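Let me begin by presenting the structure, written as structure tokens, before commenting on it.
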Amino acid sequence: MEKKGAYFCSINEGIDTSRSLKISFKDIVANIADFESDMLSEKTKEGINEAKQQGTLPGRPRIPDTNIKKAISMYQSRKYSLAEIKTETGISKSTLYRYLGK
């Protein structure tokens, strides 16, 4: 960059290669990656807030309470395997154990 007379300047990170600072290119790239990560995080938060304002809940849809109750009763009856419970209700083993622990 310097051979062609170009310099890099980032106000937020306080980087200006036109001055003779002892900043390595690796540090500059690391700062740019952090900046990009911050921008992505900010955009994600904006999207979540917009979705909430429109009445849409972000994330995975909740499992209907009827399915949870059915899975728990099937498990407690000891007549069904975990695979059968999952096939019948759509609730995984880990989710079932999480609800049983509550």
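The values are calculated or read from the model by the stated rules, or taken from the named source; none is laboratory data. Quick caveat, the model's predicted, so the values are computed rather than measured. Cβ placement follows ideal geometry from the backbone for every residue including glycine, while neighbour counts extend to all protein chains displayed.
Listed values, structure above:
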| quantity | calculated |
| --- | --- |
| Any hit, the stretch 85-97, residues being of a type in the set (A, V, I, L, M) and either closer than 30 Å to E13 by Cα or exposed (fewer than 11 other Cβ atoms within 10 Å of the Cβ) (or both) | no |
| Close pairs (7 angstrom Cβ cut-off, 6 or more residues apart or separate chains): at negative phi in the stretch 26-40, surrounded by 12 or more Cβ atoms within 10 Å (Cβ to Cβ) anywhere | I28/F8; I28/I15; N31/S10; N31/E13; N31/I15; F35/E13 |
| Residue in the stretch 69-76 that is hydroxyl-bearing (S, T, Y), without any contact (Cβ under 8 Å) to a residue 12 or more places away in the chain and not assigned by TED's automatic domain parsing to the domain that holds G14 present | yes |
